[in-house]
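Have a look at the structure below, then the notes.
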Amino acid sequence: MKQIVLAIVCSFSFIGMSQSTDLTSQLYDTYENYKETSIGKRRIKRADIQPLIDKYSSNEKFKVTTVGKSIGGKDLSLISIGSGKTNVFLWSQMHGDEPTATQAIFDILNFFNSVDFKVEKEAILANLTVHFLPMLNPDGAELFQRR
């Protein structure tokens, strides 16, 4: 998980700024500061992430919108941050039984919400608008099955 988050954040950090030689090490060393511990189990349902979505709904740095509903009537929530012209879209749990990227998305959101790496995050978010759909298939997640 740590490597997934590190790779994504480092990829973002190359946008519009010069890369510090030790940024990767600093991100790796501070990962535990951003890790979302409330969803560390193997099976993640929509109800498990709702408190996290609510947390970002009340945070002015983020925009949270309902962009649709699943076949079973569960909300599909999009969490966005940044003001750049380039839009980046990350989603998770297209297959309900694959929650690893859901965990990574909330780790990245915690990173963006932190006070650390201010210069790097400002550069990223000035150039990008990043959209996160943390659970694309909440019905499959509820049943812990692919579809």
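Only the coordinates and a few stated rules stand behind these numbers; no lab work does. Model, not experiment: these values are computed from the prediction. Cβ coordinates were reconstructed from backbone atoms using ideal geometry, including for glycine residues, and neighbour counts include every protein chain displayed.
Within segment 39-59, what residues put their amide N at less than 16 Å from the label point 7 Å along the Cα-to-Cβ vector of residue 95?
Correct set: 43-44.
Students often forget the sequence filter, so: which aspartates and glutamates lie under 17 Å Cα-Cα from residue 41 once same-chain residues fewer than 8 apart are removed?
Straight-line reach from residue 41, under 17 Å: 32, 97, 98, 107, 142.
Which GluC sites (Glu not before Pro) does segment 46-147 hold that lie in a coil by DSSP with at most 15 other beta carbons within 10 Å?
60
Which value in deg cm²/dmol, rounded to the nearest 500, describes the helix-derived mean residue ellipticity at 222 nm for the chain, given -39,500 (n - 2.57) per DSSP H run of n ≥ 4 and division by the residue count?
Mean residue ellipticity, 222 nm, calculated: -12500 deg cm²/dmol.
Connecting C-alpha atoms closer than 10 Å in a GNM of the chain, tell me which of 110, 59, 137 has the biggest fluctuation.
Result for the chain, Cα springs under 10 Å: 59 fluctuates most.
Thinking of segment 66-107 as a set of Cα atoms, what percent of all their pairs are more than 11 Å apart?
Summing the P(r) tail past 11 Å for segment 66-107 gives 74 percent.
Filter the trypsin sites (Lys or Arg not before Pro) in segment 76-135 down to the DSSP loop ones having no more than 10 other Cβ atoms within 10 Å, then list what survives.
85
Mean separation of Cα pairs under 8 Å and 6+ residues apart, divided by the residue count of the chain: what relative contact order is that in percent? Numbers along the way, then the final one.
Values: 235 pairs, mean separation 46.9, N = 147.
RCO, the chain: 32 percent.
If I build a Gaussian network model for the chain, linking alpha-carbon pairs within less than 10 angstrom, which residue out of 75, 107, 22 has the largest mean-square fluctuation?
Highest fluctuation of the listed residues: 22.
Not counting the cut sites, what is the longest span of the chain without chymotrypsin sites (Phe, Trp or Tyr not before Pro) that DSSP labels loop and that have at most 15 other Cβ atoms within 10 Å?
Working: sites that count: 14, 144.
With a cap of 15 other Cβ atoms within 10 Å, the longest stretch comes to 15-143.
What FRET efficiency comes out for residue 83 versus residue 139 if R0 is 35 angstrom and r is the Cβ-Cβ distance? Round to the nearest 0.05.
According to the calculation, E is roughly 0.55.
I need 143, 136 ordered by Cβ neighbour count within 10 Å, fewest first.
By the 10 Å Cβ count, ascending: 143, 136.
Would you mind getting me the FRET efficiency between residue 126 and residue 41? Use the beta-carbon distance for r and R0 = 25 Å, nearest 0.05. Walk me through the numbers on the way to the answer.
Details: r = 36 Å, r/R0 = 1.44.
The value I calculate is 0.10.
State the antiparallel share, in %, of DSSP beta bridges confined to the chain, rounding to the nearest 5.
Approximately 60 percent, going by the DSSP bridge assignments.
Would you kindly calculate the mean projected area, averaged across all directions, of the convex hull enclosing the Cα atoms of segment 2-143, in square nanometres?
Orientation-averaged projected area of the Cα hull: 8.1 nm².
For segment 2-143, with only Lys/Arg (+1) and Asp/Glu (-1) charged at the beta-carbon, what is the dipole magnitude about the Cα centre, in debye rounded to 20?
With Lys and Arg at +1 and Asp and Glu at -1, about 300 debye.
What does the charge count around residue 143 come to, taking other residues whose C-beta lies under 11 Å from its C-beta (Lys +1, Arg +1, Asp -1, Glu -1)?
Combined, the nearby Lys, Arg, Asp and Glu give +1.
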